[in-house]
Amino acid sequence: MVDYNWKPVDDRHPADRELVVAKCSDGSIFVGFCIYPYADCGSIKHWYVQSTPTDWYRVDKKVVQYHEI
């Protein structure tokens, strides 16, 4: 089993649109990225699953950890 070095989202987020492996609070895992808002909205970031290089959609679950690819 691979031992990922998971980073908590509470501490910091990955770079804008950096492809990562993300883990949700329900234990589900996906490959995707985080988009920072254009306006200063504090800690609000939106997560997206990237299922193919040209297909991605917003995640409604709470992302709690991520691992850089």
For Tyr57, work out the one condition from (1) at pLDDT 90 or above; (2) closer than 22 Å to Asn5 by Cα it doesn't fulfil.
-> (2)
Kindly check whether there is at least one residue in the range 31-39 that is surrounded by fewer than 16 Cβ atoms within 10 Å (Cβ to Cβ) and modelled with pLDDT of 90 or more.
-> yes
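Across the range 55-69, which residue is most open to solvent (accessible area, probe 1.4 Å) among those that are assigned to a strand (DSSP E or B) and not aromatic (Phe, Trp, Tyr)?
The extreme case among them is Arg58.
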Criterion: surrounded by fewer than 15 Cβ atoms within 10 Å (Cβ to Cβ), in a loop (DSSP other than H, G, I, E, B) and modelled with pLDDT of 85 or more - qualifying residue of Asp3, Asp26 | Asp26
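The values are calculated or read from the model by the stated rules, or taken from the named source; none is laboratory data. Computed from a predicted model, the values in this text were never measured in an experiment. Every residue, glycine among them, receives a Cβ derived from its backbone with ideal geometry; neighbour counts consider all protein chains shown. These accessible areas exclude ligands, DNA and RNA; they are computed on the full protein's heavy atoms, side chains included. Shrake-Rupley method; radii C 1.70, N 1.55, O 1.52, S 1.80 Å.
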